[in-house]
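Notes for the one structure printed next.
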Amino acid sequence: METNHIHSVQLDREQCVGCTNCIKRCPTGAIRVRDRKARIAQELCIDCGECVRICQHHAKIPVYDPLSSMDDFEYRIALPAPSLYVQFNNLDDTNIVLTALRKMGFDMVFEVGTAAEIVSEMSRHYVEEHPEMWPLISTACPSILKLIRIRFLSLIEHLLPIQPPVEIAASMARKKAMEETGLAPEKIGVFFISPCPAKVSACKDPTGVEKTDVDRVLAIRDVYVKLLPFMPQSAKEPMDLAEAGRIGIGWGVTGGEAAGLINDHYLAADGIENCIKVLSDLEDQKFSNLQFVELDACAGGCVGGVLTVENPYSAKTKMMVLRKYMPVSGWHGDLPGIGMWTEEVEYDPVDSLGGGLMENLRRMARVEELTKHFPGIDCGACGAPSCSALAEDIIKGEAKETDCIYVLWDYVKRISGVVSEIGGAASPAGKKDGPEKDR
Ligand code: SF4
Ligand code: SF4
């Protein structure tokens, strides 16, 4: 099935050896290996990066903008994600990283953490004013948002309709730069420094808004390397650039967004499998008295994104230490009057059998029947993540029964039995009543 969505996790066919290690790790069953090469069903991919983590052959690659794209603009604004700060050791002042960003070539820095404090304030009001939507589910993690849209129909009405902090930061920063420089908007480049491929895709193909104010998305791991030489000098003479406080910076780890609501009736979970379990339990109405749910696809939250360099648990500890030295909140202005979703966000299920409602009911019955032909051990040797996924692929005409090595083995055994029977019957030496009878 074709999709118009932009995905930043892609396959490098040359590197893929067809080992099948990635197929079971994908939480949406988007990967198949056929003819010894993986392929990703784009309509199912939520850009979580799990396949990037598992592939030892570097065949799954996150695609983002190169550092050289800074040359595309006359004036450059950096939007550092809160998780950038905790890539560095012994950091006790975010101004050091922000100063290093300026020395690296950015004309302005605007912290995503500052916009996160605005979103916290907006969310606080929204949650209070909309008890009929409880529990509201955070829409800040693009992988979780996409997952809900393709798989959890009943949860769509619980989505918090507020743009992610990076979008608000981008709009505010561009406006500020235009006022300060008098430059035309196209001369100003807004660069998000991202911890994960899901946020790269979300900036290129946003949900809930028609267009994004982010021009380019760089990876934390690329920017980190570039910043390192500027850190010692920046530590000696840090500029006074930091605005975000504890609430905004805290968004980089799981529970940080929920803590910003100052509301005890919340649940926060991380890691894609745990999040799927929470979403299933929400669908089954297993929780009571919940007002807000924060879910982060990566372990530890954004600090666990595949575009970071530091171990997520170490980064989380650094975050706790860094926050000690900060004010609770750096944002004390009025709300900027932007940031709500302007476009409707709908359920966007994947028609995995590809036949429409009535035909799919028939196809599902055939899938069930066909699945019984397979051993049920979900070994993945066929290139599909489970026996039922192989059955679905066969019904769609994308695979054949003999892709299952057990079925193939039975088939080979039967054929070789028939061949030897025929051979035996045809061979004079094999004739039971042949030579012996002749003697
Ligand atoms: S893990 Fe997946 S993408 Fe990587 S080499 Fe194996 S089959 Fe190919
Ligand atoms: S990024 Fe996630 S959803 Fe997409 S193919 Fe990889 S594991 Fe599957």
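The numbers here are math on the coordinates, done by the rules we state, and not lab data. Remember, it's a predicted structure, so these values are computed and weren't measured experimentally. All Cβ positions, glycine included, derive from the backbone under ideal geometry; neighbour counts span all protein chains shown.
So here's what we get for this one:
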{"item": "Gyration tensor verdict on segment 47-160 (Cα atoms; rounded if a/c is under 1.5, prolate if a/b is larger than b/c, oblate otherwise)", "result": "oblate"}
{"item": "Value of D in µm² per second that Stokes-Einstein yields for segment 142-240, Kirkwood Rh from Cα pairs, at 20 °C (1.002 mPa s)", "result": "134"}
{"item": "q = 0.18 Å⁻¹, segment 309-382: log10 I(q)/I(0) [Debye, one scatterer per Cα]", "result": "-0.94"}
{"item": "Per DSSP, loop trypsin sites (Lys or Arg not before Pro) in segment 152-216 with at most 12 further Cβ within 10 Å", "result": "Lys211"}
{"item": "For the chain, radius of gyration divided by Kirkwood radius, i.e. Rg to Rh on alpha-carbons", "result": "1.12"}
{"item": "Size descriptor, Kirkwood hydrodynamic radius, that averages inverse alpha-carbon separations across segment 284-439, Å", "result": "23.5"}
{"item": "Dipole magnitude (debye, nearest 20) for segment 171-222, charges at Cβ of Lys, Arg, Asp, Glu", "result": "120"}
{"item": "Given Lys37/Lys396; Lys103/Lys146; Lys176/Lys236; Lys103/Lys318, the pairs whose alpha carbons are separated by over 26 Å", "result": "Lys103/Lys146; Lys176/Lys236"}
{"item": "Coordinate range along principal axes, alpha carbons of segment 357-426, Å, largest first", "result": "54, 25, 18"}
{"item": "Distant-in-sequence amide H partners of Ser194 (H built 1.01 Å from N, under 5 Å)", "result": "Leu218, Ala219, Ile220"}
{"item": "Cα centroid separation - segment 39-84 against segment 242-313, whole Å", "result": "21"}
{"item": "Share of pairwise Cα separations in segment 248-354, more than 24 Å, in percent", "result": "42"}
{"item": "Residues with amide H under 5 Å from that of Ala268, placed H, sequence gap 5 or more", "result": "Glu294"}
{"item": "Calculated from backbone phi, Karplus (6.51, -1.76, 1.60) coupling profile of segment 45-52 in Hz, x at Gly/Pro", "result": "6, 10, 6, 6, x, 4, 6, 5"}
{"item": "Reciprocal mean inverse distance between Cα atoms of segment 170-294 - Kirkwood radius, Å", "result": "18.1"}
{"item": "For segment 257-274, Karplus couplings with θ = phi - 60° (6.51, -1.76, 1.60), whole Hz, Gly/Pro x", "result": "5, 5, 4, x, 7, 6, 8, 7, 8, 10, 9, 10, 9, 9, x, 4, 5, 5"}
{"item": "Crossing angle, helix 142-151 versus the chain [Cα axis fit, 0-90 degrees, rounded to tens]", "result": "40"}
{"item": "Ratio Rg/Rh, restricted to segment 67-324 and using Cα atoms, in which Rh is the Kirkwood radius", "result": "0.97"}
{"item": "Amide H partners (placed H, <5 Å) of Met239, local residues excluded", "result": "Thr99"}
{"item": "Straight-distance crosslink candidates among aspartates and glutamates, where the alpha carbon sits under 14 Å from Lys372 and sequence neighbours closer than 8 are dropped", "result": "Glu392, Glu401"}
{"item": "Phi-based couplings in Hz for segment 203-220 (Karplus 6.51, -1.76, 1.60; Gly and Pro marked x)", "result": "6, 7, 9, x, 10, x, 9, 6, 9, 9, 9, 8, 8, 9, 10, 9, 8, 3"}
{"item": "Computed helical MRE - 222 nm, the chain, DSSP H runs ≥ 4 contributing -39500 (n - 2.57), nearest 500", "result": "-11000 deg cm²/dmol"}
